[in-house]
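Worksheet for the structure shown next.
The values are calculated or read from the model by the stated rules, or taken from the named source; none is laboratory data. This structure is a prediction, so every number in the text was calculated from the model and none was measured. Neighbour counts run over all protein chains shown; Cβ positions are idealised from the backbone, glycine included.
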Amino acid sequence: MQKITKEMLIDKATELLNNGTVSLVLGWKKGEYDYDVTPGVFESVEELKKDFVFGDFSAANLSKYLVKKTEKLEGKILVFLKPCDTYSFNQLLTEHRFDREKVYAVGVQCDGMVDIEKVKKIAGDGILSVDCNGEDIVVKTLYNDDMTIAKADVLAERCANCKSKKHVAYDELLGESGEVIDSNRFDEVEKLEKMTADERFAFWQNELSKCIRCNACRDACPACTCEKCVFNNPNSGVENKSPANSFEEKLFHIIRAYHVAGRCTDCGECSRVCPQNIPLHLLNRKFIKDINEFYGEYQAGAEVGSRAPLVDYTLNDLEPGEVFDRGDENA
Amino acid sequence: MRKIVLEKIDLLFEAISNTMSLYLPVDQNDGKAAYTKWEEGKKWSEALNTVKSPKDFFFPQTEDMMEFKVEGKNIEVIDTRKASEDFVVFGVRACDVKAFDILDKVFLVDPCDSYYATKREHGIIVAVACNKPSETCFCSAFGIDAADPKADVSAWKTENELYLQANTEKGEKLLKALENVTEEATEEKVTEQKEQIAKIMKKLPLADLDTSKFGGGKTDEFFNSPEWEELSESCLGCGTCTFVCPTCQCYDIKDFNTGNGVIRYRCWDSCMYSDFTRMAHGNNRNSQKERFRQRFMHKLVYYPENNEGIFGCVGCGRCVSRCPISMNIVKVMKNLGGKENE
């Protein structure tokens, strides 16, 4: 498999800017270090050459930015999408959140993203450089000798459990598009299911009590694109800036999980951005797993315009009573 | 100066805990440190710092202010403030200690915030020098010395020992009470440690971050800078930077309906939020660019303007490591004012 370099992306963007296909490029900008990449818009070839990066830290899913960036756009914007990002892209299209005609999507082959926190756990703090080169990562730090780490050991959780290397939407591909993967992504959910109700409650109580209500999970989530979230709306009755008690602490995350159920593509941005490392994706995966079991396999965003099981009706649908009867055992 | 061997550090924690609550950074199940009440078995974290800052001890994320009980036509106002007892916050870094000063200038000036003041009065801070600062640290840009943190007690961790030096009356009282578990010490090792840290500080990637372009009176210079547009373009508008920040001090006051009354509480607010300082006429900052600008102008221009030139940032690096899109005050400073840093 060929390695996709940032130069290849820059060349592609340059070509599309120069031939007038697009007027803007949505990509990733280099940061202070090798790992703190910021999503950004590029208007010219000069800007691309100066700041554009692509690599193992281009983790941010850019699809949600299309909602805002295409609003007043005349012409087209180029967006680079990793396989998992293409599912969010399709889901947003299903929900009519942006105009497909205004976007030129280039699918980019993805070999998994690296979690800098995992790198730090192995190499220590004081990172001076992280050089990702295929299977290995060379880390230089202030305090330890240079270290070579296997990329597989520091993959982001969502990439270690990657659900698909397949691009489900693109106008053009850079590199290869792979297949849907039979991943182990539900293993952690199964562990939770095997707990007693009390243990499970304690697990979530502990995790959610860490929440600082920064709303990063919601604000990064491509399924959360309400113009005004109920939690910001003083007239909703549930608006709050921080939980008044432990009940409200859970309320926020549970309401959010319900709201995105059936629409969440499992892109994993919620857990990636959580400053408190709460495994929020497990709430969503539980819903995905249940939907698969109750209504048959369904992957949100796999295609544009699909009727999600929760908003569709068939005569074979499970009766609510049957769900209830499953009770504690496999709740 | 006093010292204790690190092997026996739990004796020190136990001795403090015998008379008052002791909080210190302890590793959580995700491997990150958080301030936790000490009890037997809790180990002082090796981490450089906690994800959340210690400002919670004096300015908690939520805090009940008063309660109203409604019965028929009567409304009873209940003062929910509790008498505060002395407590110790151990292991605070130099940046976070300086952040308390910044909060003091907001909460302790007339009219003094009694909720904050009471807790501040009862809190005893034991600060510890940073042996291994992170690449995200830039406290020296704000004149903070990570090798010499100034709190009620300053501490240095050497290979085998912890050295303690009292700087205030509160600190002296605490060390006096700990005389049984500590021993008299000389400064040699501490001086060595300080030199060692000073060398590392010079090697940090952000060691030369330039603040000279910012400060009071610079509103006109920076307010309409074209760079704000690009810097803020991918900001999600979440509150991560404000909530992990040790100096962000904005709060909102809310009423919680209990059914037969109201609990009035305050909670942290974020200038990144769309309804921040919303008024009857609507919002005064309608775009994320304006909200983003407010946060950084406050730290780099408005705060110093009102506080003898002191910046509203201490360079702890929390926003640098936690922002979901890796946009932060360092990038703002370099792009707005100090291009020569690059």
Selection from segment B:124-141 of residues that are in contact with a helix residue (DSSP H, G or I) (Cβ under 7 Å, 6 or more places away or on another chain) and in a helix (DSSP H, G or I): B:C139, B:S140
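The rows are residues; the columns are (1) under 30 Å from B:K199 (Cβ atoms); (2) among the aliphatic types (A, V, I, L, M); (3) touching an Asp or Glu at 6+ places or on another chain (Cβ under 7 Å).
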site: A:F80; (1), (2), (3): no, no, no
site: A:S88; (1), (2), (3): no, no, no
site: A:R97; (1), (2), (3): no, no, no
site: A:R100; (1), (2), (3): no, no, no
site: A:G112; (1), (2), (3): no, no, no
site: A:V119; (1), (2), (3): yes, yes, no
site: A:C132; (1), (2), (3): yes, no, yes
site: A:K140; (1), (2), (3): yes, no, yes
Search result, residues across segment A:132-178 that are charged (D, E, K, R) and over 28 Å from B:L206 (Cα atoms): A:E135, A:D153, A:E157, A:R158, A:K163, A:K165, A:K166, A:D171, A:E172, A:E176
The one condition in (1) farther than 22 Å from A:E248 by Cα; (2) within 13 Å of chain A (Cβ to nearest Cβ); (3) basic (K, R) that B:R295 fails to fulfil: (2)
Selected residue (only one of B:C112, B:C137, B:C130 is at pLDDT 95 or above, surrounded by fewer than 17 Cβ atoms within 10 Å (Cβ to Cβ) and either small (G, A, S) or closer than 26 Å to B:V244 by Cα (or both)): B:C112
Hits in segment B:51-106 (condition: free of Cβ contacts under 8 Å to residues at least 24 places away in the same chain and within 23 Å of A:C214 (Cβ to Cβ)): B:D56, B:P60
A:G268, sole failed condition from (1) more than 29 Å from A:F57 (Cα to Cα); (2) in contact (Cβ under 8 Å) with a residue 12 or more places away in the chain; (3) not charged (D, E, K, R): (1)
Set A:K50, A:K3: member being part of a helix (DSSP H, G or I) and within 30 Å of B:T136 (Cβ to Cβ): A:K50
Residue in segment A:98-115 that is within 13 Å of chain B (Cβ to nearest Cβ) and not hydrophobic (A, V, I, L, M, F, W, C) present: yes
A:L66 vs. criteria modelled with pLDDT of 95 or more, farther than 25 Å from A:T94 by Cβ and of a type in the set (A, V, I, L, M, F, W, C): no
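Residues are listed down the side, and each one gets a yes or a no for (1) in contact with a strand residue (DSSP E or B) (Cβ under 7 Å, 6 or more places away or on another chain); (2) part of a helix (DSSP H, G or I); (3) touching a residue at least 12 places away in the same chain (Cβ under 8 Å); (4) of a type in the set (S, T, Y):
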| site | (1), (2), (3), (4) |
| --- | --- |
| B:Y302 | no, yes, yes, yes |
| B:G309 | no, no, yes, no |
| B:C313 | no, no, yes, no |
| B:M327 | yes, no, yes, no |
| B:V330 | no, yes, yes, no |
Residue in segment A:43-51 that is at pLDDT 95 or above and of a type in the set (V, I, T) present: yes
Residue list for segment B:22-41, filter: surrounded by fewer than 16 Cβ atoms within 10 Å (Cβ to Cβ) and more than 12 Å from every other protein chain (Cβ to nearest Cβ): B:K37, B:E39, B:E40, B:G41
Cross-chain or 6+ apart pairs with Cβ under 9 Å, segment B:161-184 first and part of a helix (DSSP H, G or I), then among the polar types (S, T, N, Q) and exposed (fewer than 14 other Cβ atoms within 10 Å of the Cβ): B:A177/B:T19
Some residue of segment A:202-209 being more than 17 Å from B:F243 (Cα to Cα), over 16 Å from the mean Cα position of the chain (by Cα), within 11 Å of chain B (Cβ to nearest Cβ) and crowded, with 16+ Cβ neighbours inside 10 Å: yes
Among (1) buried (at least 17 other Cβ atoms within 10 Å of the Cβ); (2) in contact (Cβ under 8 Å) with a residue 40 or more places away in the chain; (3) hydroxyl-bearing (S, T, Y) - the single one A:S129 does not satisfy: (1)
Residues being more than 10 Å from every other protein chain (Cβ to nearest Cβ), farther than 27 Å from B:K52 by Cβ and modelled with pLDDT under 90 - total across segment A:210-239: 3
Top-ranked residue of segment A:55-83 - restricted to ones that are β-branched (V, I, T) and touching a Leu at 6+ places or on another chain (Cβ under 8 Å), ranked as farthest from A:T21 (Cα to Cα): A:V67
Residue selected from segment A:118-131 under the condition farther than 13 Å from B:P205 by Cβ and out of contact with any Phe, Trp or Tyr (no Cβ under 8 Å at 6 or more places or on another chain), by the criterion nearest to the other protein chains (Cβ to nearest Cβ): A:K121
B:M279 being within 11 Å of chain A (Cβ to nearest Cβ) and of a type in the set (A, V, I, L, M): no
Residues of segment B:290-325 satisfying the condition of being under 19 Å from A:A220 (Cβ atoms) and more than 19 Å from the chain's Cα centre (by Cα): B:R291, B:F292, B:P324, B:I325
